[in-house]
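**Student:** First, the structure itself, so that you have it in front of you.
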Amino acid sequence: MTAVDGMARPTSTRRLSGQLTATGTPATIDRSTLAGLTVRCMDCGTVSPGDQPISHCPACGGLLDAVIDAGPVSPADLGQGITPALAHSGVWRYRPLLPAIPEAAIVSRGEGNTPLYVDDRLAHYAGLGAGQFGVKHEGANPTGSFKDRGMTVGVSHAVAVGAKVVACASTGNTSASLASYAAAAGLPAMVLVPEGKISAGKLAQTIAYGAKVVQIEGDFDIALRLLRELTASYDVYLTNSVNPFRPEGQKTIMFELFEQLGWDVPDVITVPGGNLGNTAAFGKAIEEAFAAGLIARKPRLMTIQAEGASPFYRYFASGWQRFEPMHAETVATAIKIGDPVSTPRARRTIEATNGYVTMVTDAEILDAKAMIDAAGIGCEPASAASLAGARKLIAEGIIGPDDTVVGILTGNVLKDTEAITRYHLDGDASGQPHANANRPIRIEATIDALARLLDDVIITGPTVSGDDPASTL
Ligand code: F0G
């Protein structure tokens, strides 16, 4: 120690007690503290211990749900009996409704606590009146997507069961989130991504957080199949949403939304559907919040897929008669998924909430995104399916004119900047500007040109326009 002023500093250093519980060193957990963790097969009902990595039913191979038996829960119980840091997490404050993972294993980045924006411009665009439409913005999470809510539970469970390596297949957001939480936990992470098919920002984020990125010559569905095969015989912890613990964190999007509404619910919730983890988790959350007495009625859950990646919509439209995986193609790369693993769990949600499933075109997604962006909120393309879908279902009369609707925005505007510049700067296939394009203006560097621009365009011109004002100057 250097004593600049000739005096030694005190030997006991004060320590910050911050919000983050990330230590960078995996905790060692006594297995006997994991007895409260159990999972149940949704097909055959077999209950299995959750004190180990487990992603399918050992008896029949079916999908698993974490068993939550909360009993009655009152709002006053939330955030109680845990450290202040965890009580500030928008996931862990709902601990009575989450799996009993020991606190010492929890890896949290203070996720959740995301805003609910009620915006009348968006309500109008959707076809509703003032105060009837809101968006819950999951892009405000630490790595910019809703995945952090699931990942804090998934990675905490991985730490609890002593995992040595964590892994996922991803269209970019799960990989960024896993990379961050694995780094926080001090665990090595391996992520499989479809080569050339995820946004540059998500790829960069995943690389930056230090995960080993494996680019697969194939799409997301192939990458996930490959990883499930690997984790079946190697000691690698799978964090995709087939893992029954990860969706538990995603349930808190619903809990937090209901809490923000004073423990009331909107009539309808719209959510983009890809691998269908959210659709599955939201249904479980609604059932559990209702059973615990936190809400008195259930909202209808409506899943919106991209037209080019719509196997769940087609399954729904067939009256649940035929499920056929498809080759997925959409501008919304996050939901470019043709064989969603949570399909049976998601069907359960739609049936239990009197829900609905629809699909929207890429053009509808991008126009809705431009509206959300221009409202100052911003989101990535996949997220905008929630507004585009609400608009379509209102026009079709599936959502009633007096309904209140909340759309879930799943990812941040900066997640896919290529999509923004393509939409605003490039024209559509026939060279015409997109409906809500907002092109930057180029002028010569003179005060006259700038003043003319101010008069002709900024003050009198449209705020969002497909015109190219520069051409008129
Ligand atoms: N929106 C965004 C921004 C996503 O990243 C995803 C999924 C979804 C919606 C669909 O959610 O799978 O629960 O139906 N992204 C995954 C990933 C597949 O790897 O990041 P889902």
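The values are calculated or read from the model by the stated rules, or taken from the named source; none is laboratory data. The shown structure was predicted, so the numbers you read here are calculated from the model rather than taken from an experiment. Neighbour counts run over all protein chains shown; Cβ positions are idealised from the backbone, glycine included. Surface areas here come from the heavy atoms of the whole protein model, side chains and all, with no ligands, DNA or RNA. Shrake-Rupley method; radii C 1.70, N 1.55, O 1.52, S 1.80 Å.
**Student:** Step by step: first the residues of segment 163-179, then only those that are part of a loop (DSSP other than H, G, I, E, B) and away from the ligand (no atom under 12 Å from the Cβ), then the one that is surrounded by the fewest Cβ atoms within 10 Å (Cβ to Cβ). Which residue is that?
**Tutor:** Checked segment 163-179; the qualifying residue surrounded by the fewest Cβ atoms within 10 Å (Cβ to Cβ) is LYS164.
**Student:** May I pose another question? From ALA223, ALA281, ALA291, which residue is more than 19 Å from the chain's Cα centre (by Cα), open to solvent by less than 10 Å² (accessible area, probe 1.4 Å), touching a residue at least 12 places away in the same chain (Cβ under 8 Å) and on the phi < 0 side of the Ramachandran plot?
**Tutor:** On the way: ALA281 fails: more than 19 Å from the chain's Cα centre (by Cα); ALA291 fails: open to solvent by less than 10 Å² (accessible area, probe 1.4 Å).
Criteria check complete, one pass: ALA223.
**Student:** Looking at (1) more than 26 Å from ALA437 (Cβ to Cβ); (2) within 12 Å of the ligand (Cβ to nearest atom), can you tell me which one ALA385 breaks?
**Tutor:** (1)
**Student:** When segment 342-364 is examined, which residues are found to be within 9 Å of the ligand (Cβ to nearest atom) and either assigned to a helix (DSSP H, G or I) or not polar (S, T, N, Q) (or both)?
**Tutor:** Within segment 342-364, ALA346 is the sole residue that qualifies.
**Student:** Can you pull out every residue in segment 312-329 that is within 13 Å of the ligand (Cβ to nearest atom) and either among the aromatic types (Phe, Trp, Tyr) or under 18 Å from the mean Cα position of the chain (by Cα) (or both)? Spell out the reasoning first.
**Tutor:** Just the residues of segment 312-329 that are within 13 Å of the ligand (Cβ to nearest atom), to begin with: 312-313, 328.
Result: PHE312, TYR313.
**Student:** Within segment 380-396, which residues are within 22 Å of THR171 (Cα to Cα) and either assigned to a helix (DSSP H, G or I) or over 20 Å from the mean Cα position of the chain (by Cα) (or both)?
**Tutor:** Residues satisfying the conditions are PRO381, ALA382, SER383, ALA384, ALA385, SER386, LEU387, ALA388, GLY389.
**Student:** Of all helices (runs of 4 or more DSSP H) completely enclosed by segment 81-160, which ones contain at least 1 residues that are more than 27 Å from GLY293 (Cα to Cα)?
**Tutor:** Where helices (runs of 4 or more DSSP H) fall fully within segment 81-160 and carry at least 1 residues being more than 27 Å from GLY293 (Cα to Cα), they are 120-126, 147-160.
**Student:** Here are some residues: VAL413, VAL406. Which one is in contact with a Cys (Cβ under 7 Å, 6 or more places away or on another chain) and modelled with pLDDT of 95 or more?
**Tutor:** After ruling out the rest, the residue left standing is VAL413.
**Student:** Could you list, in sequence order, the residues of segment 75-92 that are among the β-branched types (Val, Ile, Thr) and open to solvent by less than 10 Å² (accessible area, probe 1.4 Å)? Walk me through it before giving the result.
**Tutor:** As a first pass, look at segment 75-92 and keep what is among the β-branched types (Val, Ile, Thr): 82-83, 91.
Scanning segment 75-92 gives a single hit, VAL91.
**Student:** Going by the structure shown, is ILE377 modelled with pLDDT of 95 or more, within 16 Å of the ligand (Cβ to nearest atom), assigned to a loop (DSSP other than H, G, I, E, B) and under 30 Å from LEU203 (Cα atoms)?
**Tutor:** yes
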